[in-house]
Amino acid sequence: MKIRPLYDRIVVKRIEQQRKTASGIVIPDTAAEKPEQGEVIAIGSGKRNADGSIRALELKVGDQVLFGKYAGQAVKVDGEELLVMREEDVFAVLASQNDQLKKAA
């Protein structure tokens, strides 16, 4: 099943974080908090302005983003838990090393 968000909404897949501390202690699933980092897997067409025009989203599919602990609405698609949220719920986009190298050049 494919999912296509509407307007200024995006679909994010959480990126699982390390479940082991620096000292080597394994954190069980029941004690671990849900990650606040994810990858954008689908985006809507954009936000509709008051004049009826559509402003395109700044995010794109594949961006790794940071969001709030309680941001978005959890949904299950094909047995996989995804988050549907508004673009404004995203705090930051994580830049990869490739992006940083391109900007430095």
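Rundown of residues vs (1) in contact with a Lys or Arg (Cβ under 8 Å, 6 or more places away or on another chain); (2) modelled with pLDDT under 85; (3) aliphatic (A, V, I, L, M); (4) buried (at least 16 other Cβ atoms within 10 Å of the Cβ), yes/no style:
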residue	(1), (2), (3), (4)
I43	yes, no, yes, yes
S53	no, no, no, no
L57	yes, no, yes, yes
V61	no, no, yes, no
Q64	no, no, no, no
G68	no, no, no, no
E80	yes, no, no, no
V84	yes, no, yes, yes
A92	no, no, yes, no
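When you scan region 36-79 for strands (runs of 3 or more DSSP E) that lie fully inside it, which ones turn up with 3 or more residues that are within 13 Å of R14 (Cβ to Cβ) and over 10 Å from the mean Cα position of the chain (by Cα)?
73-77
The values are calculated or read from the model by the stated rules, or taken from the named source; none is laboratory data. These numbers come from a predicted model, not from an experiment. With ideal geometry, Cβ positions are generated from the backbone for all residues, glycine too; neighbour counts draw on all protein chains shown.
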